[in-house]
């Protein structure tokens, strides 16, 4: 597995950050990737890399969110790398699988956002960290959505209504970034 590409993307992302909290999480993610050869594997039980897609409409006024079954909250689409060192591709694949979208367009192969969050213990897994690299994609909100078995719902949400979903700060940070585009 190739950590060099991820480290390059993270380093490029880190130099342009203004948000101190995201900068700290990006630094922690760099340190994790440098010290953990198995960072792309879910079997790395203390933490692992994930890839997410922040999907916006062409006017960048709405974002596509999923009401995640396990987490029981609204989040961006994404998932585990499962050995794939191209987190950009992981984000795209997961977004397609979780939404049915076929016309995803990448806004950039650069990282859009980085988040590190704790996932509480579940039946078979101890609590661990997700080091989430998020990429910006665009899609047509008129395209048919297909609900996956991981979701309770999918919805195009106006950016100003993300607050109504009790979104976490990391989603607000992506909303603010989108509004600056």
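The values are calculated or read from the model by the stated rules, or taken from the named source; none is laboratory data. Note that this is a predicted model, so its numbers are computed, not measured. Note: ideal-geometry Cβ built from the backbone for every residue, glycine included; neighbour counts use all protein chains shown.
Scan 172, 156 and give me the residue that is out of contact with any helix residue (DSSP H, G or I) (no Cβ under 6 Å at 6 or more places or on another chain), within 17 Å of residue 58 (Cβ to Cβ) and surrounded by 12 or more Cβ atoms within 10 Å (Cβ to Cβ).
On the way: 172 fails: within 17 Å of residue 58 (Cβ to Cβ).
One residue alone meets the criteria, 156.
In the set (1) at pLDDT 95 or above; (2) surrounded by fewer than 17 Cβ atoms within 10 Å (Cβ to Cβ); (3) more than 21 Å from residue 164 (Cβ to Cβ); (4) touching a strand residue (DSSP E or B) at 6+ places or on another chain (Cβ under 7 Å), the condition left unmet by residue 34 is number (4).
Considering only region 110-140, state which residues are more than 18 Å from residue 30 (Cα to Cα) and modelled with pLDDT under 95. Quick ask: steps written out before the conclusion?
Step one: filter region 110-140 for residues more than 18 Å from residue 30 (Cα to Cα), giving 119-127, 136-140.
119, 120, 121, 122, 123, 124, 125, 126, 127 - these are the residues of region 110-140 that are more than 18 Å from residue 30 (Cα to Cα) and modelled with pLDDT under 95.
Within region 81-103, the set of residues being over 15 Å from residue 147 (Cα atoms) and surrounded by 20 or more Cβ atoms within 10 Å (Cβ to Cβ) comprises 81, 87, 88, 90, 91, 92.
Counting only strands (runs of 3 or more DSSP E) wholly contained in region 78-181, the ones carrying 1 or more residues that are under 21 Å from residue 21 (Cβ atoms), in contact with a strand residue (DSSP E or B) (Cβ under 8 Å, 6 or more places away or on another chain) and free of Cβ contacts under 8 Å to residues at least 12 places away in the same chain occupy 113-119.
Residues 41, 49: which one is touching a residue at least 60 places away in the same chain (Cβ under 8 Å), buried (at least 16 other Cβ atoms within 10 Å of the Cβ) and closer than 20 Å to residue 10 by Cα? Reasoning before the result, please.
Numbers: 41 fails: touching a residue at least 60 places away in the same chain (Cβ under 8 Å).
Every option except 49 fails the conditions.
Can you tell which of 23, 4 is in a helix (DSSP H, G or I), more than 24 Å from residue 105 (Cα to Cα) and modelled with pLDDT of 95 or more? Walk me through it before giving the result.
On the way: 4 fails: modelled with pLDDT of 95 or more.
Answer to the selection: 23.
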